């Protein structure tokens, strides 16, 4: 069995991994495909060394097949096709007691705070498994976790059919937010600097705005008949993205903050006052978001062939990080973990 481990800034090494049987209450899965996301890239850059214990097997966007079942686990059998909702909460903190377990104050985000899916055998709590339908390929199912993020974000923002929505940033999560918002009946525009990502968005049937070539605020004013957007999602993680997301909103518009901003940003609070805007934080997901994400990916509402840019074998996992870091021509990169595992293909 192999595992890819983050060792130090910009260093990922692949080597043998010891595989223990699943403990009571756990299921051992054979990861099939593991997506590399922006958080993984932050780890790769060394930006989360204070949180991640090294060497660390990371990765939390996973499709898998059940390989073994621990004592006391019911409802799962070897060969079941699954994805993993990578959250383990304590159930006792104020957030959990208030029903907000997904933002537990002592949350174990599996794949960051504990070992993740860039390996060929992975023991996880049985409670984290989400079943996949037979018609959904394991490759495409690696998109369920980021789609669940988008489902949660759109739900937090309260997007309704007929509303005008601006998504600032067309990385994987931004594209998925735009697709999920469109599936609710919203009218969506995507703001993106990168030409390749705009072309991917256009290929998904989304209308785009290029801030280098046009006045985005004026374009939104024209599109909305002077009203401004009802909802904006800030997914760029850039200071300019924050400004754009605030400026495009109309009266009582909602700004949903999705991107992780590692440093404080200036925000036009006068515009919040003047237009009675609302700022909404959105983090992670709940189980209902995961279940809805499975439906969206399985139905083709999330066109996996367009979103997935590249697949690399586990032995070359470092190449996945390099590709995502380079950015050119890349949206979503997957790592194929199935080598020599015997995991079913598909």
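Here residue 196 passes the criteria (1) within 21 Å of residue 308 (Cβ to Cβ); (2) at pLDDT 95 or above; (3) in a helix (DSSP H, G or I) except the one numbered (2). Residues in the range 228-241: is at least one assigned to a helix (DSSP H, G or I) and either surrounded by 18 or more Cβ atoms within 10 Å (Cβ to Cβ) or under 20 Å from the mean Cα position of the chain (by Cα) (or both)? Yes - at least one qualifying residue is present in the range 228-241. Name the single residue that is surrounded by the fewest Cβ atoms within 10 Å (Cβ to Cβ) among those in the range 242-258 being more than 15 Å from residue 222 (Cα to Cα) and in contact with a helix residue (DSSP H, G or I) (Cβ under 6 Å, 6 or more places away or on another chain). Among those that are more than 15 Å from residue 222 (Cα to Cα) and in contact with a helix residue (DSSP H, G or I) (Cβ under 6 Å, 6 or more places away or on another chain), it is 251. Does the range 187-194 contain any residue that is out of contact with any helix residue (DSSP H, G or I) (no Cβ under 6 Å at 6 or more places or on another chain), surrounded by 24 or more Cβ atoms within 10 Å (Cβ to Cβ) and touching a residue at least 60 places away in the same chain (Cβ under 8 Å)? No. Residue 239 - would you say it is modelled with pLDDT of 95 or more and touching a strand residue (DSSP E or B) at 6+ places or on another chain (Cβ under 9 Å)? Taking the combined requirement at face value, the residue does not satisfy it. When the range 135-174 is limited to residues that are outside any loop (DSSP other than H, G, I, E, B) and within 18 Å of residue 216 (Cα to Cα), the one that is farthest from the chain's Cα centre (by Cα) turns out to be 164. Restricting attention to the range 76-84, does a residue exist that is surrounded by fewer than 16 Cβ atoms within 10 Å (Cβ to Cβ), modelled with pLDDT of 95 or more and within 24 Å of the chain's Cα centre (by Cα)? No, every residue in the range 76-84 fails to be surrounded by fewer than 16 Cβ atoms within 10 Å (Cβ to Cβ), modelled with pLDDT of 95 or more and within 24 Å of the chain's Cα centre (by Cα).
Residue-by-condition table, conditions (1) exposed (fewer than 15 other Cβ atoms within 10 Å of the Cβ); (2) more than 17 Å from the chain's Cα centre (by Cα); (3) part of a helix (DSSP H, G or I):
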site	(1), (2), (3)
47	no, yes, no
51	yes, yes, no
54	yes, yes, no
63	no, no, no
73	no, yes, no
92	yes, yes, no
99	yes, yes, no
116	no, no, no
124	no, yes, no
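Of the helices (runs of 4 or more DSSP H) lying entirely inside the range 251-346, those containing at least 1 residues that are under 19 Å from residue 117 (Cβ atoms) are 287-299, 304-307, 317-326. Taking the conditions exactly as written (surrounded by fewer than 16 Cβ atoms within 10 Å (Cβ to Cβ) and at negative phi), does residue 281 satisfy them or not? Considered against the rule, which asks whether it is surrounded by fewer than 16 Cβ atoms within 10 Å (Cβ to Cβ) and at negative phi, residue 281 comes out as yes.
Would you point out the residue of the range 22-44, among those that are in contact (Cβ under 8 Å) with a residue 60 or more places away in the chain and in a loop (DSSP other than H, G, I, E, B), that is farthest from residue 316 (Cα to Cα)? Among residues in the range 22-44 that are in contact (Cβ under 8 Å) with a residue 60 or more places away in the chain and in a loop (DSSP other than H, G, I, E, B), the one farthest from residue 316 (Cα to Cα) is 25.
The test for being assigned to a loop (DSSP other than H, G, I, E, B), at pLDDT below 95 and within 22 Å of residue 326 (Cβ to Cβ) does not hold for residue 18.
On the stretch given as the range 101-112, residues that are part of a loop (DSSP other than H, G, I, E, B) and surrounded by fewer than 17 Cβ atoms within 10 Å (Cβ to Cβ) total 2.
The values are calculated or read from the model by the stated rules, or taken from the named source; none is laboratory data. Note that the coordinates shown come from a computational prediction; the quantities given were computed from them, not determined experimentally. Here Cβ is always computed from backbone atoms with ideal geometry, including for glycine, and neighbour counts include all displayed protein chains.
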